[in-house]
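Okay, structure first, notes after.
Each reported figure results from applying straightforward, stated rules to the coordinates on display, with no laboratory input. No experiment lies behind these values; they were computed from the predicted model shown. Note that we place each Cβ from the backbone using ideal geometry, even for glycine, and neighbour counts take in every protein chain shown.
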């Protein structure tokens, strides 16, 4: 991943998520499945959300960009969106 494209935030598209859970396997410190079998993000506050969340607000705020990208890329329906510091969508491109 190039230096100018650091991941600043992440979002899960609940409408697209099919609950396959490769994101949980790739980055279980950030993702889990909720009662509806949809991926959600684990926030430091204890909340479990799919809304856009800053990387620093994740329970594992130190997770590497490479791991987040691998988790997003593992999603068979591309339901995980990654954004840079300017709010530009990095993935899916």
To test your reading of the geometry: what angle, between 0 and 90 degrees and rounded to tens, separates the Cα axis of helix 65-74 from the longest principal axis of the chain? 50
If packing is taken as the mean number of other Cβ atoms within 10 Å per residue, what is the order of 48-54, 75-81, highest first? 75-81, 48-54
Normalised by the residues of the chain, what does the relative contact order come to in percent, with Cα pairs under 8 Å and at least six apart? 37
Anisotropy class of region 14-83 from Cα gyration tensor, a/c 1.5 cut: oblate
The chain: calculated mean residue ellipticity at 222 nm from DSSP helix runs of at least 4, using -39500 (n - 2.57): -4000 deg cm²/dmol
